Each structure stands twice: as C-alpha cells, then as structure tokens.
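Contents: one structure, followed by commentary.
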Amino acid sequence: MDALTIVAAVSIFTAGFTIAIGGIMPSRGEGEALTKAIESVARQPEQANTIIRLFFIGAAVVESVAIYSLVIALIILFANPFIHLFTK
C-alpha cells in the first residue's frame, strides 16, 4: 500500500470515529437533560413553560456539538488537509 492509500484509509476511519463519538455524547446529554426537565415539571407544574423553554435552548446547544462533529468528519473526508502532502 502506498502512502496515499494509508492516508485515505485513516481519514475514513477517523471520520467514522468522529461521527460515532460526536453522536453518542450529545444524545446521552440530551437524554439526561430531558430526564431532569421531566422531573422538574413533575415537581413544579406551575413552572412548566419556563422549564420546557430552557430545555429546548439547552438541547439546541447540546445538538450543536453533533453538528460540529459532522462538519469535521465531512472536512476530513472531502477536503482532507493531508492529501496534498502525498500527491505528486
């Protein structure tokens, strides 16, 4: 295998790993946040509108991490900054 093939294979593996980790952790965080929001609404039903609004803001912030990991994976796959080092 030449160096270009190795760089391409490592890039594909890295992109997959980035998506895996970048998808698991935000999902876990959103699940925990939803659990706490439901518990809070059960304890204080009169504050439900405020709690739900804060949950949606927090969920959007947590989801941005997954979007950033997707962007990084796409850059690694399609605009690989290391490919030019091994092409002639």
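From the list I83, I6, I57, pick out the single residue that is among the aliphatic types (A, V, I, L, M), loosely packed, with under 13 Cβ neighbours inside 10 Å and touching a residue at least 60 places away in the same chain (Cβ under 8 Å). Walk me through it before giving the result.
Details: I6 fails: touching a residue at least 60 places away in the same chain (Cβ under 8 Å); I57 fails: touching a residue at least 60 places away in the same chain (Cβ under 8 Å).
The conditions single out I83.
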Just to verify a result, which residue in the range 30-88, among those that are acidic (D, E) and in contact with a helix residue (DSSP H, G or I) (Cβ under 8 Å, 6 or more places away or on another chain), is farthest from S11 (Cα to Cα)? E30
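Every residue, every condition in (1) among the small types (G, A, S); (2) touching a Pro at 6+ places or on another chain (Cβ under 9 Å), yes or no:
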site	(1), (2)
A8	yes, no
I12	no, no
V61	no, no
V65	no, yes
Yes or no: L34 out of contact with any Cys (no Cβ under 7 Å at 6 or more places or on another chain), in contact (Cβ under 8 Å) with a residue 60 or more places away in the chain and surrounded by 12 or more Cβ atoms within 10 Å (Cβ to Cβ)? no
Just to be sure, is E39 in contact (Cβ under 8 Å) with a residue 24 or more places away in the chain, acidic (D, E) and surrounded by 11 or more Cβ atoms within 10 Å (Cβ to Cβ)? no
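Just the residues that are small (G, A, S) and assigned to a helix (DSSP H, G or I), please, taken from the range 37-88. If you could, list the steps in order and put the result at the bottom.
Kept after step one, since they are small (G, A, S), are these residues of the range 37-88: 37, 40, 42, 48, 58-60, 64, 66, 69, 73, 79.
Listed by number, the residues that qualify are A37, S40, A42, A48, G58, A59, A60, S64, A66, S69, A73.
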Being closer than 15 Å to S69 by Cβ and either at pLDDT below 90 or assigned to a helix (DSSP H, G or I) (or both) narrows it down to one of G22, G31, so name that one. G22
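The values are calculated or read from the model by the stated rules, or taken from the named source; none is laboratory data. Note that the coordinates shown come from a computational prediction; the quantities given were computed from them, not determined experimentally. Ideal geometry is used to build each Cβ from the backbone, glycine not excepted, and the neighbour counts take in all protein chains shown.
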